[in-house]
Amino acid sequence: MEKNQMVSGMVGRGTALGAVLLSLLAVPAQAASAAESTPTAAAEGMPAPDLAGLREVLRSALAKGAPGAMARIDDNGTVYKAAEGIADRVTGRPISTQDRFRVGSVSKSFSSVVLLQLVDEGRLDLDTSVNTYLPGLLPDDRISVRHLLSHRSGLYDYTNDMFAQTGPGFESVRNRVFTLKELVDLSLAKPLNNQPGAAYSYSNTNFVVVGMLIEKLTGHTLSTEYRDRIIKPLKLRDTFYVHPDTALPGRHTKGYLTPDEAGAPLVDSTRQTVSWAQSAGAVISSTRNLDTFFSALLGGKLLSADRLAQMQQWTPVNSTQGYGLGLRRRDLSCGVSVYGHTGTVQGYYTYSFTSKDGKRSITAVANTSNNGDVLGIMAKTLDAAFCGKPAPATGARSAAPSQQHEKQHEKEHEKQYEDIAPGIARD
Ligand code: REY
């Protein structure tokens, strides 16, 4: 089957777009705090999202230094939005869930979908050596395509050195244009972290090689493949891959990088090529579009059932997280598991996750980065979205379970630092 036929056929049969249209009807025009009204369409078997809790999380991100923070929940046709703080420190414009932003490594899920569609079309095999498709590129023939997508290749993450010093590192690449091969060469200057397949070791290099595979096998640019396979079929009108342009198209929130030096002012990092990341992290999108993307993915509208199952074969990351193929699993405090990706690019932290059936999704964004407190706090938006309200702490009898809940949250928080590439959440 031709790729476009397959994708549009799958989308056509699904309900994702209908749900988005419905949601537009369901939501009052007022953006922030719109939602308490309609918890009736909640995804089956899940408590309604805790909107007051969600807003509280966003406000704590502001208290820890984010100029703005926002989240949108798409719950089986009902939309909930919350936004706190500002998008622009010069004009003071309030941040809005309609603002576009840089999604960072959520781009890895886009790249994985494109590559897995190529697998579905029989154009490559997950367990074949990468060097079969890109002869001589990697130093070890045992590195397979699956190793790349599950971060088990051992390929060193060149961004560790690039961003060892946050501000100077960023300025040194802000306007640079790299080829994908140049980025791989930066990685290959260092030995492998581990034997191919032996361990999970998050590395941007893996998804740079995925980008090379996409370009080699299709003969098209990444931009073309994202557009034809994901953006157009899902009608993601806020989603772009503009590399190496430095501007975000249309209405967007600015991004503010937190320097390493305590007390130093935030740096407006909005404009950059993101050439250092490309297929590992240069997509631009919106909360609404990312919710649609992950709902469609878990809802089976982008990949065959077989490939989607492969995407969810988990390599353990820690006791509450797994990494599939360009997809993260997080086990929340209430026992619910959610699926999606996190993203860090200078000035933006993103969490975008959906339920097992894709029916409830949240995308949460803070417009700062290099701030471990904000990163950890934003993870709690997932509990607010999927776990419902914590038990009320009234009277001696309920105090104990509530405290336990808090403790669990704290444990989750501590774990965030293991979640992204080594060195990224340094604070
Ligand atoms: C690199 C550094 C972020 C960001 C990165 N992001 O690898 C990929 C991801 C695409 O996993 C920067 N941190 C920050 C530093 C630390 O420079 N010294 O926090 O903006 O999303």
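Values quoted throughout were computed directly from the atomic coordinates according to the rules given, and no laboratory measurement underlies them. Values in this document were obtained by computation on a predicted structure and should not be read as measured data. Glycine gets a Cβ as well: all are built from the backbone with ideal geometry, and neighbour counts include every protein chain shown.
Is there a residue being more than 30 Å from D185 (Cβ to Cβ), within 14 Å of the ligand (Cβ to nearest atom), more than 13 Å from the chain's Cα centre (by Cα) and buried (at least 20 other Cβ atoms within 10 Å of the Cβ) anywhere in the stretch 262-271? Yes.
Among the candidates L302, L257, L248, single out the residue that is in contact with a helix residue (DSSP H, G or I) (Cβ under 9 Å, 6 or more places away or on another chain), touching a residue at least 60 places away in the same chain (Cβ under 8 Å) and away from the ligand (no atom under 11 Å from the Cβ). Outline the logic, then answer.
Working: L257 fails: away from the ligand (no atom under 11 Å from the Cβ); L248 fails: in contact with a helix residue (DSSP H, G or I) (Cβ under 9 Å, 6 or more places away or on another chain).
Residue meeting the stated conditions: L302.
Candidates are the residues of the stretch 353-388 that are hydrophobic (A, V, I, L, M, F, W, C) and not in a helix (DSSP H, G or I); the one that is farthest from the ligand (Cβ to nearest atom) is C387. Taking every residue in the stretch 220-242 that is part of a helix (DSSP H, G or I) and pairing it with any residue that is charged (D, E, K, R) and surrounded by fewer than 22 Cβ atoms within 10 Å (Cβ to Cβ), at least 6 positions away or on another chain, the pairs with Cβ-Cβ distances below 7 Å are L222/E215; R229/K3.
Once the stretch 330-352 is narrowed to residues that are touching a Phe, Trp or Tyr at 6+ places or on another chain (Cβ under 8 Å) and away from the ligand (no atom under 16 Å from the Cβ), the residue that is nearest to H147 (Cα to Cα) is Y339. Just one of the listed residues (E171, E182) is without any contact (Cβ under 8 Å) to a residue 12 or more places away in the chain, within 16 Å of the ligand (Cβ to nearest atom) and surrounded by fewer than 19 Cβ atoms within 10 Å (Cβ to Cβ), and it is E171. Comparison of Y133, Y156 shows that the only residue that is surrounded by fewer than 23 Cβ atoms within 10 Å (Cβ to Cβ), aromatic (F, W, Y), more than 16 Å from the ligand (Cβ to nearest atom) and touching a residue at least 24 places away in the same chain (Cβ under 8 Å) is Y133.
Looking only at the stretch 304-320, decide whether some residue is within 26 Å of A61 (Cβ to Cβ), assigned to a loop (DSSP other than H, G, I, E, B) and not charged (D, E, K, R). Before you say what the answer is, go through the steps one by one.
Taking the stretch 304-320 and keeping what is within 26 Å of A61 (Cβ to Cβ), we get 317-320.
Next, only the ones that are assigned to a loop (DSSP other than H, G, I, E, B) stay: 319-320.
So of that shortlist, the ones also not charged (D, E, K, R) come out as 319-320.
Scanning the stretch 304-320 turns up at least one residue that is within 26 Å of A61 (Cβ to Cβ), assigned to a loop (DSSP other than H, G, I, E, B) and not charged (D, E, K, R).
Looking only at residues in the stretch 322-373 that are of a type in the set (F, W, Y) and within 22 Å of G169 (Cβ to Cβ), which one is surrounded by the fewest Cβ atoms within 10 Å (Cβ to Cβ)?
Taking the stretch 322-373 and keeping what is of a type in the set (F, W, Y), we get 323, 339, 348-349, 351, 353.
Restricting the remaining residues to those that are within 22 Å of G169 (Cβ to Cβ) gives 348-349.
Details: Y348: 24, Y349: 29.
In this case the residue turns out to be Y348.
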